[in-house]
Amino acid sequence: MSTLDHEPYQVQRISKEELEKQILRLTRRPEPAAAPPANPQCATRTMTKDELEKMKERLYTQSMQLKEQKRKQMEEEQTREQLKATATVSSDELKGIVGRVYTEALARKAANLEEGKKQYLFHPPESKKIPLKAFVHHMYDEGIEKGKEREKKLYDKYLAPTEIHTGTISPIQAAESAARLSTKK
């Protein structure tokens, strides 16, 4: 007996009616889901098709009227500008206008040039100059002052504790002084 003669599993067969039911179930369109209200606390307002069409028409006509008003305003503004442009200016006024505009432009250009020079040219910082003699005296005095301070610190650290004020010191003070002087730091 070969393995092909033997069926390891049982084939499921369905009837024609069940097959038709499955085909209908798989091919039918799903029902449209009802959309939940935008705000559950408030009722949603519904409009009929006629109301919706009326609203669309009203909004469309309003937008078209607004566009027409803006177009008319622009045309009126353009004609006013053209009328202003055709007005004649005397030669003296023209010279004054050109001179003013030209001198303003020259002044602005010169100011920009100066600002650019200040911004991009190197200018060494101005330093306070001290005469050499004063500098040497200051350094000399400072060095002497530091030497005096160093002497005072050394004196206070090593010699002041060993001085005898009463003429005699106790053996404890002598031992402390000897220990302090004999240790190297």
Report the residue count in segment 13-65 for those that are at pLDDT below 80 and of a type outside the set (A, V, I, L, M, F, W, C). 8
Taking segment 34-51 and keeping only residues that are more than 47 Å from the chain's Cα centre (by Cα) and of a type in the set (A, V, I, L, M), one is left with Met47
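The values are calculated or read from the model by the stated rules, or taken from the named source; none is laboratory data. Since we're looking at a predicted model, the values are computed, not measured.
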